[in-house]
Amino acid sequence: MASIEWTSDLTVGVPLIDAQHKALIAHLASLAAAIGKRQGETEIMGTLSFLSDYTQMHFATEIRHMTATAYPGLAEHQVRHDEFGAMLTTLHADLAEEGVTKVLADSIQTLMMNWLRNHIRTLDVQFGEFLQGKGITLRE
C-alpha cells in the first residue's frame, strides 16, 4: 500500500488548520501502517478511535471558525465533514465485523486519503482564501 503523508500541495495557508491537517494525515498514516503490519485488533481499533476523535475535534474547529466569520460555504462544508464521519463509522464497523484485511487497508488509502486530499485542496483552500481575503487570522 502506498504511503499516506503530508505534501505541500495540501497547504491551506491558515497555520491552525494546516497544523491540524498535518496531524490528521499522520494519524491516518498510523492507522494504515497498523493495519498493513497486521498489528493486533485492539491496537488498530484504538488507533481508529483516536483518529475518529481527532477528526471530530478538527471538524468542530473548522465549523466554529466558519460560523464566527460568516463563511458562505459553511453548509456545504458541513455536509462534506458528515460524509467523512460516515466513512470512519463504516470503516470501524467493517473492522469489527471482518477483522484486518487487505481490502480494509486499501480502503483507507483509496477512499479516506483521496477524500481528504480532495477536500483539503478544494473546500479547505476556499476557506483559507476567504480568511486571507478578509485579513482574518485564526487562533484556537
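A few remarks follow.
- If only the Cβ of Lys and Arg carry +1 and only the Cβ of Asp and Glu carry -1, the dipole of the chain around its Cα centre is close to 320 debye.
- Straight-distance candidates among the aspartates and glutamates for linking to Lys102, with alpha-carbon spacing under 19 Å and chain neighbours fewer than 8 residues away dropped: Glu41, Glu43, Asp94.
- Region 2-76: trypsin sites (Lys or Arg not before Pro) in DSSP coil with no more than 12 other Cβ atoms inside 10 Å: Lys37
- Cα lying deepest toward the dipole's positive end in the chain, options Gln132, Leu16, Tyr71, charges on Cβ: Gln132
- Whole-percent carbon and sulfur share, accessible surface of region 17-96, 1.4 Å: 60 percent
- Here the convex hull built on the C-alpha positions of the chain has a volume of 92 cubic angstrom per residue.
- Mean-square fluctuations from a GNM of the chain, with a 10 angstrom spring cutoff on Cα atoms, peak among Leu48, Leu74, Leu31 at Leu74.
- HN-Hα J in Hz across region 129-140 - Karplus 6.51, -1.76, 1.60, θ = phi - 60°, x for Gly and Pro: 5, 4, 4, 5, x, 8, x, 9, 10, 8, 10, 4
- Taking the charge dipole of the chain about its Cα centre, with +1 at Lys and Arg Cβ atoms and -1 at Asp and Glu Cβ atoms, the residue from His81, Thr101, Ile25 reaching farthest to the positive side is Ile25.
- Remark: the chain carries 51 Å² of accessible area per residue (probe radius 1.4 Å; ligands, DNA and RNA excluded).
- Rounded, prolate or oblate (a/c below 1.5 giving rounded, otherwise prolate when a/b exceeds b/c) for region 74-120 by Cα gyration tensor: oblate
- Shown in residue order for region 49-60 are the 3J(HN,Hα) couplings computed by the Karplus curve 6.51 cos²θ - 1.76 cosθ + 1.60 at θ = phi - 60°: 5, 4, 4, 4, 4, 5, 4, 4, 5, 5, 4, 4 Hz (x for Gly and Pro).
The values are calculated or read from the model by the stated rules, or taken from the named source; none is laboratory data. Here the structure is a predicted model, which means the values were calculated and not measured. So basically every Cβ, Gly included, is an ideal-geometry build from the backbone, and we count neighbours across all protein chains shown. Heads up: the accessible areas ignore ligands, DNA and RNA and are worked out on the full protein's heavy atoms, side chains in. Shrake-Rupley method; radii C 1.70, N 1.55, O 1.52, S 1.80 Å.
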